[in-house]
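Trainee: Structure in structure tokens, see below.
The values are calculated or read from the model by the stated rules, or taken from the named source; none is laboratory data. It should be emphasised that the depicted structure is a prediction, and the values quoted were computed from it without experimental measurement. Positions of Cβ are generated from backbone atoms using ideal geometry, with glycine treated the same way; all protein chains shown enter the neighbour counts.
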Amino acid sequence: MPSLDLSAHPTQHRHGATPPPRTNVQTAIPKWKQSLITILPAWLISSVLAPVLGACFPEWPFLFLNLVVTVILVLVLTYLILPVSTRLLHGWLLAAPSTPAPRRTRRSRRRALLSPRLQLLTLLGVSVALTGLVAQTQPSALASAPVSPLIWGTNLNLSTAQDLFLTDPATVKLTQQMHVQLIRFPYRGDFAVTEAAAKQIAALHATPLLILPYGVEQVTTDQTLIQMMNRVFGTQRVYYEFGNEQDVPANGGISAAAYTASWNTVIAQVKPLAPAGRFIGPVTSHADTAYLRTFLKQANPRPDAVSWHEETCGSNDPDATCMQRITTWGTHIQQARTIMQQALGRLLPIAITAYTWNAHPQTDPRATNSAFLGTWMSTAIAELIRDTVFAASQSALTTTALPLIDDRTQTLTAAGVVFQSTFEAQVFASATPTPSGSITPMSTPGSTPTTIATSGATTQLCFQEQGTARVLCLPLTDASGKTGSAGQAAGTLCLPFSPATGQPQQTMPFVCVPVYATSISAVTPTPATSPTVRPVVTPIPTPLS
């Protein structure tokens, strides 16, 4: 057993002095005991490092990776860190030469027995503090993540080749006007319809999410669909879901183990065909933690994101229940992230690929209540933003419980208006302030602006800087880059909304109004009385690239 000589100081041997008797005191805990004691701090440090290493070695199971890192840290702490710190404390352990021998022996023995344990306690304390610091900073870092534009997604029905998204130009134009970023669509046995939908999505520059048919027997069909998507979208990012609510009895009531086994067979064969593709599962009808845990532990290849569906109430539930249950989405999302951390040692993006208030509203009078549906939609989008989900698709674009477009009047529904305004408000919220000062619009929100100038083929919206005579004019174009002619909508202007004193703050504190092109050929500066806006907009980054 190693020991440390705590006898008199070496300089006492000089000048012929006789050294006092040597006193050997055990100064180290046996290595095997040190190894046992360092397991806890090593495991704490490993828990911090393992998620980082998991990103470098994604195919390694989290528990195996954590065990390997822990063993390495135990060896490093036992055979490198502690011996070095012991040598540094060598001088502190020695008693002064002038100290009487009995007192020197007692003091050296106490310090020798205390120092190794003090090192281990210090190491444990630092490890616990480090782990606590990481645990405290992770939620704040997650909360500050940028908003994904793919939250503004929708679903297509495609029950027939006469679907309005394929045949009606007005529906397509409204889809573009709402800034739909993600479009989820199924394959229903007709390749021509599916390909037509894919081409329409590509023309709108939206991100596609195709539902691949479930089952090992569908491998050939899935391969053909992926090859079609490659032709339509080229190198653009494409997302694929494997199946759709296979846990529902009507869809086979497939267990998590059976679903994962089918995933492992099919996705392993089709994934090499889609270099720009990302594959998502298990697409359950609701947030099912047990189902997700089994899927994540057994899925190979590992999914690029996880998904499930959400709804909040039935026809007999009161309005308050329909609204309050939206907040449970955050609980489901947090539970899923905990499961991902436990099973994989890292977090995957989350997609709520179909959400609505009531999946079966045929007998529910609220299906035609615009005020209720608009409020519900606004609350749902705010919750998705708050929970920093990667993507979401409401159900659906037309002819469903929560349509964005009224297929009878070819106009936006209340949900569609909220869908558009929240996207524009979010873009406006991420705007960068102009360096030259505040800019005030010369028009009154809610009315047709009278200060839009047309110069040649360019339609412009002009602002006057407060306190100066300088005028800033911005070109107005639609989503396709074309300028509008007189009387046509040329864009949307979003302004900050400040409630009156004593009134509650709104969830989305912005009001967005359409801007129309006029034939005015000159701009006449007018006194600035409207709210300040920042016209320079920073695009929202696209995640999971």
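Trainee: Return the only residue of 314, 281 being surrounded by fewer than 21 Cβ atoms within 10 Å (Cβ to Cβ) and either in the same structural domain as residue 348 (by TED's automatic domain parsing) or not in a strand (DSSP E or B) (or both).
Mentor: 314
Trainee: State whether one or more residues within segment 336-357 are under 15 Å from residue 403 (Cα atoms) and either touching a Cys at 6+ places or on another chain (Cβ under 6 Å) or among the acidic types (Asp, Glu) (or both).
Mentor: yes
Trainee: Restricting attention to segment 205-254, report how many residues are among the β-branched types (Val, Ile, Thr) and assigned to a helix (DSSP H, G or I).
Mentor: Result for segment 205-254: 7.
Trainee: Just give me the residues in segment 186-200 being of a type in the set (Gly, Ala, Ser) and either surrounded by fewer than 16 Cβ atoms within 10 Å (Cβ to Cβ) or not assigned by TED's automatic domain parsing to the domain that holds residue 221 (or both), in sequence order.
Mentor: Of everything in segment 186-200, those that are of a type in the set (Gly, Ala, Ser) and either surrounded by fewer than 16 Cβ atoms within 10 Å (Cβ to Cβ) or not assigned by TED's automatic domain parsing to the domain that holds residue 221 (or both) turn out to be 189, 192.
Trainee: Return the residues of segment 298-316 that are charged (D, E, K, R) and either closer than 13 Å to residue 348 by Cα or without any contact (Cβ under 8 Å) to a residue 40 or more places away in the chain (or both); say none if nothing qualifies.
Mentor: Correct list: 302, 304.
Trainee: Of the residues 343, 401, 391, which is of a type outside the set (Phe, Trp, Tyr), in contact with a strand residue (DSSP E or B) (Cβ under 8 Å, 6 or more places away or on another chain) and touching a residue at least 60 places away in the same chain (Cβ under 8 Å)?
Mentor: 391
Trainee: Give the number of residues within segment 186-198 that are touching a residue at least 12 places away in the same chain (Cβ under 8 Å) and over 28 Å from the mean Cα position of the chain (by Cα).
Mentor: Total meeting the criteria: 8.
Trainee: Within segment 144-156, can you find the residues that are at pLDDT below 95 and touching a Ser or Thr at 6+ places or on another chain (Cβ under 7 Å)?
Mentor: Initially, segment 144-156 is screened for residues at pLDDT below 95, giving 144-149.
Within segment 144-156, 145, 149 qualify.
Trainee: Turning to a different aspect of this structure: Can you find a residue in segment 344-356 that is in a helix (DSSP H, G or I), over 14 Å from the mean Cα position of the chain (by Cα) and in the same structural domain as residue 421 (by TED's automatic domain parsing)?
Mentor: Yes, the conditions are met somewhere in segment 344-356.
Trainee: Identify the residue in segment 364-390 that is β-branched (Val, Ile, Thr) and assigned to a helix (DSSP H, G or I) and, among all such residues, is farthest from the chain's Cα centre (by Cα).
Mentor: Across segment 364-390, the extreme among qualifying residues is 368.
Trainee: Among the numbered criteria (1) assigned to a helix (DSSP H, G or I); (2) surrounded by 21 or more Cβ atoms within 10 Å (Cβ to Cβ); (3) under 27 Å from the mean Cα position of the chain (by Cα), which one does residue 183 miss?
Mentor: Residue 183 satisfies every listed condition except (1).
Trainee: Scan segment 317-328 for residues that are part of a helix (DSSP H, G or I) and not hydrophobic (A, V, I, L, M, F, W, C) and jot them down.
Mentor: If the condition is that a residue be part of a helix (DSSP H, G or I) and not hydrophobic (A, V, I, L, M, F, W, C), then 319, 321, 324, 325, 327, 328 are the ones that fit.
Trainee: Considering only segment 255-272, I want to know if a residue exists there that is crowded, with 21+ Cβ neighbours inside 10 Å and part of a strand (DSSP E or B).
Mentor: The answer is no; no qualifying residue exists.
Trainee: Please enumerate the residues belonging to segment 329-343 that are under 17 Å from the mean Cα position of the chain (by Cα) and either over 18 Å from residue 391 (Cβ atoms) or not in a helix (DSSP H, G or I) (or both).
Mentor: Residues satisfying the conditions are 331, 335, 338, 339, 341.
Trainee: Could you tell me whether any residue of segment 412-435 is under 33 Å from the mean Cα position of the chain (by Cα), outside any helix (DSSP H, G or I) and at pLDDT 90 or above?
Mentor: Within segment 412-435, one or more residues are under 33 Å from the mean Cα position of the chain (by Cα), outside any helix (DSSP H, G or I) and at pLDDT 90 or above.
Trainee: Within segment 143-173, can you find the residues that are touching a residue at least 40 places away in the same chain (Cβ under 8 Å) and of a type in the set (A, V, I, L, M)?
Mentor: Selection gives 143, 145, 147, 150, 151, 156, 164, 170.
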